1. What is the one condition in (1) touching a helix residue (DSSP H, G or I) at 6+ places or on another chain (Cβ under 9 Å); (2) open to solvent by 20 Å² or more (accessible area, probe 1.4 Å); (3) not hydroxyl-bearing (Ser, Thr, Tyr) that Pro238 does not satisfy?
2. List the strands (runs of 3 or more DSSP E) inside segment 204-293, counting only whole elements, that have at least 1 residues being in contact with a Leu (Cβ under 6 Å, 6 or more places away or on another chain), under 30 Å from Asp137 (Cβ atoms) and modelled with pLDDT of 95 or more.
3. Return only the number of the condition from (1) over 13 Å from the mean Cα position of the chain (by Cα); (2) free of Cβ contacts under 8 Å to residues at least 40 places away in the same chain that Ile119 does not satisfy.
4. For the subset of segment 113-152 comprising residues that are open to solvent by 80 Å² or more (accessible area, probe 1.4 Å), part of a helix (DSSP H, G or I) and not charged (D, E, K, R), which member is farthest from Thr273 (Cα to Cα)?
5. Arg34: open to solvent by 90 Å² or more (accessible area, probe 1.4 Å) and either modelled with pLDDT of 85 or more or basic (Lys, Arg) (or both), yes or no?
6. Condition (residue is farther than 30 Å from Val290 by Cα, under 47 Å from the mean Cα position of the chain (by Cα) and basic (Lys, Arg)) applied to segment 17-30: is it met by at least one residue?
7. Give the residue, chosen from Glu186, Glu207, Glu246, Glu211, that is closer than 21 Å to Val290 by Cα, free of Cβ contacts under 8 Å to residues at least 60 places away in the same chain, charged (D, E, K, R) and open to solvent by 40 Å² or more (accessible area, probe 1.4 Å).
8. Pairs please, first residue from segment 40-62 and more than 17 Å from Arg29 (Cβ to Cβ), second anywhere and among the aromatic types (Phe, Trp, Tyr) and surrounded by 11 or more Cβ atoms within 10 Å (Cβ to Cβ), Cβ atoms under 8 Å, 6+ apart in sequence or on different chains.
Amino acid sequence: MTLDAMLKDKNVTHAASRLNITQSALSARLTRLRQLLNDPLFIPATSGRGMIATPHAAALEPELARLLQRFDDFANTAHLFDPATSKRIFRIAATDNPAAILAPDLIPLFQARAPQARIAFTLPNKPRIAEHLENGDVDLFVGAAEDAAPDLIGQTLFQEEFVTAQRKGHPRGLKPVSLDEFCEAEHLLVSTSGGHFSGMIDGALAEMGRERRVSVSIQSYALAPLVLSNTNCICTLPRRFLQRFEDTLDLFAAPLPLAVFSVNIFWHPRMRTDPAHKWLRKVVADAAKVATR
């Protein structure tokens, strides 16, 4: 940069200003260059105005310009991202619940905007999620605030609520679900850890001195609509997930107070300015807006 500035300006004062350094700092750099290249490089003009390049310095100028252009191209490579042509793989870590809510809207939007890129949803290793984000093994983590490390950057996508679903034509009819009916019904529970028959809703019922009968436990959200549409079980799950199956399911307000929850994304600070990562975050946010309609 010093040699380039001097070749352009032929003046120590002007070159120092171009580089935003002091004249003494520029002189020190120029001394090191002279020693390195074994040439004076610049000598004072006989007119007393500025400096004159030596033949060696002048001969270096064309190649220096090419090297600087190549360096600029190299430096800018990481700052360029074209979703229309990118073949990058993006990885999102999400448990079954937020993945079931977000993925159906995100995937078609992602494919429309980046037709050659690929996206993978993986189950998070929550104790190591910060490490995986830092290493680039995962681009985004979708989850609850308490599952994220404090040094991660987070954004709330939307607030979600729980509703109760039953199959169309259910013998219970279409009247609102009372608490007594809720407790007496056969329930389907999604146990993401597998095999459990009690969850958050059972805790809320216990606080009211009530309990329900969970007769079926499954591990996958995707299986829930199929089971519900073929049994008399009822199930309480996030509204945005169940709304996708309103052609086979009827939805009702749950007859007990259940707190809303946030669907959030988290990423590592080192990815804050990465163009591809910024693009991914924008697509996820846009998909979340679709999910909230």
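1. Looking at each condition in turn, Pro238 falls short on (2).
2. Where strands (runs of 3 or more DSSP E) fall fully within segment 204-293 and carry at least 1 residues being in contact with a Leu (Cβ under 6 Å, 6 or more places away or on another chain), under 30 Å from Asp137 (Cβ atoms) and modelled with pLDDT of 95 or more, they are 261-267.
3. Result: Ile119 passes all but (1).
4. Selected residue: Pro127.
5. No: the conditions fail for Arg34.
6. yes
7. Just a single option satisfies the conditions, and that option is Glu246.
8. Filtered contacts from segment 40-62: Ile52/Phe42.
The values are calculated or read from the model by the stated rules, or taken from the named source; none is laboratory data. Quantities reported herein were computed from a predicted structural model and do not represent experimental measurements. Because the Cβ atoms are built from the backbone with ideal geometry, glycine has one as well, and the counts that use them run over all protein chains shown. Accessible surface is based on the protein model in full, side chains and every heavy atom, while ligands, DNA and RNA are left aside. Shrake-Rupley method; radii C 1.70, N 1.55, O 1.52, S 1.80 Å.
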